[in-house]
Each structure stands twice: as C-alpha cells, then as structure tokens.
Amino acid sequence: EVRVYSKRTRDVVSPLWLRESSDREPTATVLGQTAHVSTDDALEALAAARQAWAQGAGHWPTLRVEERIEAVEHFTAAMVAVRDRVCRLLMWEVGKTWADAQGEFDRTVQYIRDTIETLKTQDRDNSRLQFREGIIAQVRRAPLGVTLCMGPFNYPLNETFATLIPALIMGNTAVVKLPRFGVLL
C-alpha cells in the first residue's frame, strides 16, 4: 500500500549552489520535499509492518518464492525506467558525478538481479531431498519478521537496497529509514 504523506515536510536542498547570473549571489537549489516524520509516524509504520508480517502468516510472508521474485522483478523494471531521474537526484543531492551516480544505480540493479538468481538457485537446490549420515532432509528457508533497513548518505541507493531487497525477497516485511542526504532516491 502506498500512502500520500500529507503532514509536515521539509525541503531537500542540494549542496550545490547556483548563480543565476554574474551579478547575483549563489543560491541553494531546492530539489524537492520529504516527509518530516515524527515518532508517532515511525511507530505507525512499524505497526503496519508488524501487521503485514502477522507472525509470519501475512500475505507477503506466505507468498510462494516465485511470486515474491516476480514482484521484485516488476519493481526492478519500474526502477530501471526512471534511471536517469534517480541518477540526477543522486548527483544533485549527494554531490556525486554523473558517472558515479550511474555506477551506483547500475550496481544496485545488478545486485538485485544477482540476488534473484541466487534465490532461484537456492530454491531449486533446496527442493531436492538431501541425504546426510543416514538422515533424509529437505531444507526450507523462512522469513524472520520485520526488518529495519538503513543506508548511508554516501551510497544511499546501493546500501539501502543491499539490505532491503534480500529482506523482502525472503518474505520479511520492512521499515526503511532513508539517509538524511540521499533521501530522494
């Protein structure tokens, strides 16, 4: 569920200041706005994640692995469609070069695809019975619960998604705390 945040917001300002003309002083560039989240808002997000988890019986945790993979692949395709926009925001908000922003984005997408392939391989391998020391077993992986995912300002996209994607694809619910700088990712 996506909700529109209609409470207090704060401006996201670029560290890069622009001068409109040679006779004017440089001014800060406002890139957008982000939610000014209160403690109550954070607790509401946590409660929603816990409700979605439902002690492991929620809709997302009980989806088949193939369905979770399909959802993450759909998200990745939508993410790739806005690549230039995200890279520009990384440049303006965090002060990355265009090449560095593109590199972070592309590494993140590749990481998501690699995570998907790893899970497919594990799921395929775990579907077979294993024989060890006279015992027959089948390994099953299960989600663990609500996950807190955080990323640093210097690699806000990559590091945030490096915790978020594995947590989600395994069936966990998540609360994401975006970095103060790099929040518009």
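The values are calculated or read from the model by the stated rules, or taken from the named source; none is laboratory data. The model shown is predicted, which means the values in this text are computed figures rather than measured ones. Cβ coordinates were reconstructed from backbone atoms using ideal geometry, including for glycine residues, and neighbour counts include every protein chain displayed. Protein only, heavy atoms only, side chains kept; ligands, DNA and RNA dropped before computing areas. Shrake-Rupley method; radii C 1.70, N 1.55, O 1.52, S 1.80 Å.
Annotations for the structure displayed:
- Cα gyration tensor, the range 50-185 - rounded (a/c under 1.5), prolate or oblate: prolate
- Among the GluC sites (Glu not before Pro) in the range 1-76, those located in a DSSP loop and surrounded by at most 16 other Cβ atoms within 10 Å of their own Cβ are Glu1, Glu20.
- Mean Cα-pair separation over length for the range 1-106, i.e. relative contact order, pairs under 8 Å, 6 or more apart, %: 24
- The loop-placed trypsin sites (Lys or Arg not before Pro) in the range 1-107, going by DSSP, that have at most 11 neighbouring Cβ atoms within 10 Å of their Cβ come out as Arg3, Lys7, Arg8, Arg19, Arg24, Arg64.
- Size of electric dipole in the chain: Cβ of Lys, Arg +1 and of Asp, Glu -1, about Cα centre, debye, nearest 20: 320
- Over the range 34-175, relative contact order from alpha-carbon pairs under 8 Å, at least 6 apart, %: 32
- The antiparallel fraction among DSSP beta bridges confined to the range 31-185 stands at about 40%.
- Low-density loop positions, GluC sites (Glu not before Pro), the range 94-185 - DSSP coil, at most 13 other Cβ in 10 Å: Glu133
- Summing Lys and Arg as +1 and Asp and Glu as -1 over all other residues whose Cβ lies under 12 Å from the Cβ of Asn172 gives a net charge of +3.
- Area of Tyr155 that stays accessible when all protein chains are in place (1.4 Å probe, Å², to 10): 90
- Surface listing: Ser127, Ser21, Ser6, Ser14 arranged by accessible area from highest to lowest gives Ser6, Ser127, Ser21, Ser14, probe 1.4 Å.
- P(r), alpha carbons of the range 1-57 - 10 Å bins starting at zero, rounded %: 19, 30, 22, 16, 10, 4, 1
- Portion, in percent, of the accessible area of the chain that falls on carbon or sulfur, probe 1.4 Å: 55
- Probe 1.4 Å, protein heavy atoms only - accessible area per residue of the chain in square angstrom: 66
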